[in-house]
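Chemist: Okay, here's the structure, questions in a sec.
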Amino acid sequence: MPGTTPPPTAEDRLSALLDAAVDAIVLIDPRGRISRFNRAAERLFGYVAAEVLGQNVSMLMPEPYHGEHDSYLERYSATHRPRIIGIGREVVARRKDGSTFPIDLSVGEFRRPAAEGEELSGDGGEHGFVGILRDITARKLQEQQLRDSAEELRQAFGEAEDLRARLTHAGRLGTLGEMVSGIAHEVNQPLTAIANYASACKRLLLSGRAQPQEIAEVLDKISVQAERAGQVIRGLRKLARREDRAADRLDVNQLVGEVARLVEFEFRNAGWQLRQSLAPELPPVSGDGVQVQQVVLNLLRNAVEAMSEGNTCGDAVALRTQAHDGWVEISVDDCGPGIPAATAQRLFEPFFTTKPQGMGLGLSICQSIISAHGGELKHEPRQGGGSRFRIRLPAEGNTQ
Ligand code: ADP
């Protein structure tokens, strides 16, 4: 009858079902020839079904799979090994245009049960394998990105560890101020003893009754005490010295950036911001990186302490680097109460402090470090309130 369509056959229904599947489905016979290739497979590989039907499925594989697949199937038919049936193997597939991509491949084996006495031909879709394939390019990319991020994290962690190790040493320099006063005390004791023994010796000599043996004993005591003082001083020098003290070529921005990362947390905790503005392409300077970092660290900590005492012009400390005329400059601007003229004059004096718990050694040590590098450390009032500390270091090649 015109206009009427025949009812769908089982074959039509199966095709519709396969073509509706989101994943690519490829059926092969036991010899590896493709017997079905659904729409999703067409999209995935760039072939139309007619181009692949009856062809060896190895056409969808790059080498070495392409060359090995036939013997692989033969081995499986004979021994059922290697196991090819299963969910989700990651393999590589090849598109019509030759490009390759990773897929997740699940393989099932189908076999129509034979009727009694019937010999299944193996062809005609009665026995074979069904492969369900999914492109996992995006997933692999994500995995790679995750691995890259993990690697970056590991590296960053390594750098942080390295910085921590170096700043542990720097930390010892940082508490040098406190140690100096303890050590001054320790040196004072033998010096007082020496002074006392010396006067005793003098009294003995002036009395005219001194036995040489007696005087020798007192002089021995003086030597012991002098040796003790010497030991203390040697200990102090060892503490301040880094064994590998040779001048390094320093990237000031990198050093400053590392310190900034270190104090970021302290700043955030105190409710202040740290604004960095690092000039690109600074020339290198020569010196001891840890010491320069220690100076910057001290200035930043002074800035935070000052702002917590009184906040005049905002909530940020500006950390800047710039280069001019053969010098590299690092400046720290805070919004604290600023420094009165009388204080400003004594700022770099050892033991000058206005803080109840202060040692007053930070700035004097900072200044000696910077002078030892051929540079200078200065203070000036900041426009609009607060203080500015400026470090100037000679750029490499600047003979001043
Ligand atoms: P300390 O911090 O132990 O007092 P310093 O040598 O670092 O030792 O500082 C000496 C003094 O200089 C401080 O007590 C403080 O009065 C003053 N000072 C240092 N930095 C600042 C600053 N950014 N703002 C205001 N005063 C400061």
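Chemist: Restricting the search to region 286-313, which residues are surrounded by fewer than 17 Cβ atoms within 10 Å (Cβ to Cβ), in contact with a helix residue (DSSP H, G or I) (Cβ under 9 Å, 6 or more places away or on another chain) and of a type in the set (Gly, Ala, Ser)?
Modeler: Ser308
Chemist: Same structure again: Only one of these conditions is not met by Leu363: (1) more than 28 Å from Glu281 (Cα to Cα); (2) within 12 Å of the ligand (Cβ to nearest atom); (3) open to solvent by less than 40 Å² (accessible area, probe 1.4 Å); (4) without any contact (Cβ under 8 Å) to a residue 60 or more places away in the chain. Which number is it?
Modeler: With respect to (1) more than 28 Å from Glu281 (Cα to Cα); (2) within 12 Å of the ligand (Cβ to nearest atom); (3) open to solvent by less than 40 Å² (accessible area, probe 1.4 Å); (4) without any contact (Cβ under 8 Å) to a residue 60 or more places away in the chain, Leu363 is out only on (4).
Chemist: Which one of the conditions (1) at negative phi; (2) at pLDDT 90 or above; (3) open to solvent by 30 Å² or more (accessible area, probe 1.4 Å) does Ala21 fail to meet, given that it meets all the rest?
Modeler: With respect to (1) at negative phi; (2) at pLDDT 90 or above; (3) open to solvent by 30 Å² or more (accessible area, probe 1.4 Å), Ala21 is out only on (3).
Chemist: Something else about it: Tell me whether region 50-67 contains one or more residues that are assigned to a strand (DSSP E or B), open to solvent by 60 Å² or more (accessible area, probe 1.4 Å), modelled with pLDDT of 90 or more and closer than 20 Å to Asp19 by Cβ.
Modeler: No.
Chemist: Here is a further query. Only one of these conditions is not met by Ala316: (1) away from the ligand (no atom under 14 Å from the Cβ); (2) in contact with a Lys or Arg (Cβ under 9 Å, 6 or more places away or on another chain); (3) over 23 Å from Thr353 (Cβ atoms). Which number is it?
Modeler: (1) is the only condition that Ala316 fails.
Chemist: Looking at the structure I just gave you, is Asp334 near the ligand (Cβ under 9 Å from one of its atoms), within 15 Å of Glu266 (Cβ to Cβ) and either charged (D, E, K, R) or touching a Lys or Arg at 6+ places or on another chain (Cβ under 6 Å) (or both)?
Modeler: When the stated conditions are applied, Asp334 passes them.
Chemist: Just need a number here: residues in region 71-89 that are touching a helix residue (DSSP H, G or I) at 6+ places or on another chain (Cβ under 8 Å) and loosely packed, with under 13 Cβ neighbours inside 10 Å.
Modeler: 2
Chemist: Let me ask something else. Give region 350-360 a look and list any residue that's open to solvent by 70 Å² or more (accessible area, probe 1.4 Å) and near the ligand (Cβ under 9 Å from one of its atoms), or say none. Before you say what the answer is, go through the steps one by one.
Modeler: Going residue by residue through region 350-360, those that are open to solvent by 70 Å² or more (accessible area, probe 1.4 Å) are 350-351, 354, 356-357.
Passing the criteria: Pro350, Phe351, Thr354, Gln357.
Chemist: Counting only residues that are open to solvent by 70 Å² or more (accessible area, probe 1.4 Å), within 11 Å of the ligand (Cβ to nearest atom) and without any contact (Cβ under 8 Å) to a residue 40 or more places away in the chain, how many does region 366-387 have?
Modeler: Residues in region 366-387 being open to solvent by 70 Å² or more (accessible area, probe 1.4 Å), within 11 Å of the ligand (Cβ to nearest atom) and without any contact (Cβ under 8 Å) to a residue 40 or more places away in the chain: 0 in total.
Chemist: Would region 326-338 turn up any residue that is among the hydrophobic types (A, V, I, L, M, F, W, C), open to solvent by 70 Å² or more (accessible area, probe 1.4 Å) and not in a strand (DSSP E or B)?
Modeler: No: zero hits.
Chemist: Sticking with this structure for a sec: Residues that are acidic (Asp, Glu), open to solvent by less than 30 Å² (accessible area, probe 1.4 Å) and farther than 21 Å from Ile136 by Cβ: does region 26-39 have at least one?
Modeler: Initially, region 26-39 is screened for residues acidic (Asp, Glu), giving 29.
Those left that are additionally open to solvent by less than 30 Å² (accessible area, probe 1.4 Å): 29.
Now drop any that are not farther than 21 Å from Ile136 by Cβ, which leaves 29.
Checked against the condition, which is being acidic (Asp, Glu), open to solvent by less than 30 Å² (accessible area, probe 1.4 Å) and farther than 21 Å from Ile136 by Cβ, region 26-39 yields at least one hit.
The values are calculated or read from the model by the stated rules, or taken from the named source; none is laboratory data. Please read all numbers here as calculations on a predicted model, not as lab measurements. In this analysis, Cβ positions are derived from the backbone assuming ideal geometry, glycine residues included, and neighbour counts consider all displayed protein chains. Note: accessible area is taken over every heavy atom of the protein model, side chains too, but ligands, DNA and RNA are not part of it. Shrake-Rupley method; radii C 1.70, N 1.55, O 1.52, S 1.80 Å.
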